[in-house]
Amino acid sequence: MRIPFLSMFITSPFEGIQEHAEKVKECAGVFQKAMECIIEERCEDFEHFRKDIDKLEDEADAIKRRVRGHLPKGTLLPVDKFQLFRYLREQDKVIDAVEEGLDWISFRSQAGIPEVLEKDFMLLVEAVMDPIEELSKMVAEARKYFSNFSESQRRLVKDMIRTLRHHEHQADKYEDLVKEKIFNTIYDPVAVFHLIRLAETIGSIADHAENAGDMMRAMIAK
């Protein structure tokens, strides 16, 4: 019989995981603002956005270390410890993708986004924000589930994982549309390579969120 986790320990690792998820969400919001800056050509603040991401990544890393450090050998958990670590690592990869996206843009920052692609890239950015929003909500509800193991709460988390997956599939469609348009409207091969890689990096933000959702699905499985 499962014993509610919070009744055995003062601090649940899911508190830290939820805190980390909020940092992920915050990073994604900064990324969205940075992309708007690039697209609207008012980029005096671009480096400021990159510094904000670096700061948030440091804070997220500190949370990640704290979660790992508070799980000594022999600690009883409602899920496998390494499963928990794999989930946290995948959630952290969202921040890595955000940082990679801004770094990649900076390599050709003067080139910006061609006007013909501005709307398409902005739609892609907006599409990858939805899985991140759902990820944050999912973690909050999963934390409740691991405190009481309510079957209704478990079903709620499963529903949110399905919603997250749906959002990721929508983001995939936008990514494919952007790449198709790049190949059919841009003729500079260097620009094509840069823009395709940028679209794929933005798309990977949603991919990692979906992967985290799949790992959460495994953790709540009976």
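Derivation of every value follows stated rules applied to the coordinates shown; laboratory data play no part. Just so it is clear, the structure is predicted and the values come from calculations on it, not from any experiment. Heads up, the Cβs are rebuilt from the backbone with ideal geometry, glycines too, and the neighbour counts pull from every protein chain shown.
Results, tabulated for the structure shown:
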{"item": "Theoretical gain in end-to-end length, residue 116 to residue 159 [0.36 nm per residue, Cα-Cα removed]", "result": "11.7 nm"}
{"item": "Among 148, 192, 123 the positive-end extreme of the charge dipole of the stretch 12-220 (Cβ point charges)", "result": "148"}
{"item": "Using a Förster distance of 45 Å, the FRET efficiency for residue 58-residue 185 (Cβ separation, nearest 0.05)", "result": "0.70"}
{"item": "Longest site-free stretch - the chain; sites: chymotrypsin sites (Phe, Trp or Tyr not before Pro), DSSP loop, at most 15 other Cβ within 10 Å", "result": "10-186"}
{"item": "Of 81/158; 51/179; 51/144, pairs whose Cα-Cα distance is over 23 Å", "result": "51/179; 51/144"}
{"item": "Label-point gap, in nm, between residue 80 and residue 150 - each point 7 angstrom along Cα→Cβ", "result": "2.9 nm"}
{"item": "Extension gain (nm, one decimal) between residue 126 and residue 140, 0.36 nm per residue minus Cα-Cα", "result": "2.8 nm"}
{"item": "0 to 90° range, to nearest 10: angle between helix 118-148 axis and the chain longest Cα axis", "result": "0 degrees"}
{"item": "Simple spin-label estimate for residue 200 and residue 133 in nanometres, 7 Å along Cα-Cβ", "result": "2.9 nm"}
{"item": "Full-stretch length increase - residue 15, residue 221 - with 0.36 nm per residue and alpha-carbon distance subtracted", "result": "72.2 nm"}
{"item": "The chain: calculated mean residue ellipticity at 222 nm from DSSP helix runs of at least 4, using -39500 (n - 2.57)", "result": "-29000 deg cm²/dmol"}
{"item": "Rg/Rh (Cα only; Kirkwood hydrodynamic radius) as it applies to the stretch 105-197", "result": "1.20"}
{"item": "Highest-fluctuation residue, 200, 133, 40 considered, GNM on the chain with Cα pairs under 10 Å", "result": "40"}
{"item": "Calculated FRET value between residue 214 and residue 193, using beta carbons and R₀ = 41 Å, to 0.05", "result": "0.85"}
{"item": "Length-normalised contact order for the chain - Cα pairs under 8 Å, 6+ apart - percent", "result": "30 percent"}
